[in-house]
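Have a look at the structure below before the remarks.
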């Protein structure tokens with residue numbers, strides 16, 4: 001006989017493996033795009049009732065699932081699409097019990113316990129009110145936000161990330177309603193950098209890990225995909241103690257679920273308008289721009305589109321489609337607005353023979369006593385007759401833009417002047433969502449999810465002088 005002796009370390013390893021195997025069913029109860037329902041069935045005295053047939057029916061698609069309670073009286077439905085379900089409990093010797101409305105939320109395992117009454121199976125007890133189930137299966141902390149909340153709150157760019165701060169434990173900056181583009185809001189959770197958050201849509205990770213530190217479009221990298229609020233069914237922000245199946249980073253875990261088709265046709269169409277005629281100039285624009293008395297900063301935005309969902313084959317095949325277009329001209333965001341401290345440059349033709357001397361007289365320190373702007377920092381001061389001005393510098397000052405104005409503008413005064421420039425940045429975004437669900441049987445459903453967005457941007461200023469536009473295409 002061979003005797004095997006395990007060391008203390010090996011024994012601990014075996015215990016950990018056994019524990020993981022034991023909790024595997026609960027880990028599979030829900031995913032980043034689904035929820036679950038569990039509970040225990042008892043009789044009037046509190047004793048568990050095994051063998052109870054539990055039938056779950058979706059109120060949206062009429063799909064049914066069935067299971068039976070085990071020896072301990074418990075049952076479980078895993079990987080349920082978020083939505084509203086009816087639950088029916090039947091067994092010989094007890095009255096049939098029915099709960100017509102139970103809400104299953106993304107990433108959550110709801111607990112619905114029932115106590116059956118003794119009686120004929122043909123007798124039925126129906127709970128008419130919507131049952132509020134408890135989420136006691138896990139200790140995960142987070143907040144679920146439904147479609148109605150997202151569509152009814154005023155979001156400046158119809159971006160759901162602007163209300164992530166509704167979740168306890170999140171920290172965000174004040175939303176900038178003049179932001180250029182999608183206006184995605186960053187958040188920090190439990191002291192982590194915004195780049196430590198995970199974003200998932202319909203169970204698929206949509207975080208661009210190359211765009212570290214931001215969920216927004218930045219630099220060369222696109223941010224997270226942002227579906228239209230009308231296409232969202234719900235989203236949940238998990239802030240702590242979620243299990244390892246939800247992400248690789250220690251920050252928040254944001255799970256977004258888009259809508260699916262149902263047995264009823266439903267749809268919406270929308271148009272949201274922002275126009276400069278309704279706006280006022282900013283304080284700094286009024287202070288630094290001489291034309292502010294007669295002109296306004298431009299901020300025009302049109303967001304339009306719609307959604308449509310319904311049955312292709314009733315109780316069998318369902319489809320949902322969404323489109324949203326955004327057309328934005330933004331002269332307030334940094335991409336279309338800039339400030340510069342301009343020197344005095346004489347008006348007129350800069351190629352004229354007297355321009356060099358006039359430029360020297362306008363910029364030499366002797367003609368501006370006490371003004372530190374005219375003193376060279378570690379170099380030679382400009383001579384009052386302009387004799388030491390480099391010809392290359394004169395050629396650069398003669399560069400013109402397509403509209404005939406000079407690339408380097410003048411302050412328009414005899415001294416330096418802080419000047420504001422506003423040239424609208426252009427953002428034309430288009431996004432589409434297409435979902436389908438095919439119910440093969442009570443146990444199998446084939447689902448497809450498609451999301452695409454194209455977000456080209458043209459930034460004429462981007463913090464610089466007019467004449468050096470930046471064009472970039474972001475896409476998800």
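The values are calculated or read from the model by the stated rules, or taken from the named source; none is laboratory data. What you see is a predicted model; the values in this text were computed from it and never measured. A quick note on method: Cβ atoms are made from the backbone with ideal geometry, for glycine too, and the neighbour counts reach across all protein chains shown.
The table below gives the values:
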{"item": "Count - residues of region 437-452 that are surrounded by fewer than 19 Cβ atoms within 10 Å (Cβ to Cβ) and within 24 Å of residue 159 (Cα to Cα)", "result": "4"}
{"item": "Filter result (at pLDDT 85 or above and surrounded by 14 or more Cβ atoms within 10 Å (Cβ to Cβ)) within region 269-284", "result": "270, 272, 274, 276"}
{"item": "Filter result for the condition that a residue is at pLDDT 85 or above, surrounded by 15 or more Cβ atoms within 10 Å (Cβ to Cβ) and within 21 Å of residue 453 (Cα to Cα), over 218, 222", "result": "222"}
{"item": "Hits in region 107-140 (condition: modelled with pLDDT of 65 or more and either in contact with a helix residue (DSSP H, G or I) (Cβ under 6 Å, 6 or more places away or on another chain) or within 16 Å of residue 35 (Cβ to Cβ) (or both))", "result": "107, 108, 109, 110, 111, 112, 140"}
{"item": "Residues of region 354-387 satisfying the condition of being surrounded by 11 or more Cβ atoms within 10 Å (Cβ to Cβ), without any contact (Cβ under 8 Å) to a residue 24 or more places away in the chain and over 20 Å from residue 341 (Cβ atoms)", "result": "354, 366, 383"}
{"item": "Residue tally, condition outside any strand (DSSP E or B), without any contact (Cβ under 8 Å) to a residue 60 or more places away in the chain and either outside the structural domain of residue 109 (by TED's automatic domain parsing) or closer than 19 Å to residue 316 by Cβ (or both), over region 44-67", "result": "1"}
{"item": "Considering residues of region 68-99 that are surrounded by fewer than 16 Cβ atoms within 10 Å (Cβ to Cβ) and closer than 25 Å to residue 318 by Cα only, the residue modelled with the lowest pLDDT", "result": "79"}
{"item": "Given (1) surrounded by fewer than 11 Cβ atoms within 10 Å (Cβ to Cβ); (2) at pLDDT 90 or above; (3) closer than 16 Å to residue 411 by Cα, index of the condition residue 392 fails", "result": "(3)"}
{"item": "Residues (more than 21 Å from the chain's Cα centre (by Cα) and either farther than 29 Å from residue 61 by Cα or assigned to a strand (DSSP E or B) (or both)) located in region 313-333", "result": "313, 317, 318, 319, 329, 331, 332"}
{"item": "Members of region 290-312 found to be in contact with a helix residue (DSSP H, G or I) (Cβ under 6 Å, 6 or more places away or on another chain) and assigned to a helix (DSSP H, G or I), listed by number", "result": "292"}
{"item": "Subset of region 397-418 (residues that are assigned to a strand (DSSP E or B) and in contact with a helix residue (DSSP H, G or I) (Cβ under 6 Å, 6 or more places away or on another chain))", "result": "418"}
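Conditions (1) surrounded by 14 or more Cβ atoms within 10 Å (Cβ to Cβ); (2) more than 30 Å from residue 337 (Cβ to Cβ); (3) without any contact (Cβ under 8 Å) to a residue 24 or more places away in the chain; (4) not assigned by TED's automatic domain parsing to the domain that holds residue 147, marked per residue:
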{"position": "249", "(1), (2), (3), (4)": "yes, yes, no, no"}
{"position": "255", "(1), (2), (3), (4)": "yes, yes, no, no"}
{"position": "266", "(1), (2), (3), (4)": "no, yes, no, no"}
{"position": "286", "(1), (2), (3), (4)": "no, no, yes, no"}
{"position": "291", "(1), (2), (3), (4)": "no, no, yes, no"}
{"position": "296", "(1), (2), (3), (4)": "yes, no, yes, no"}
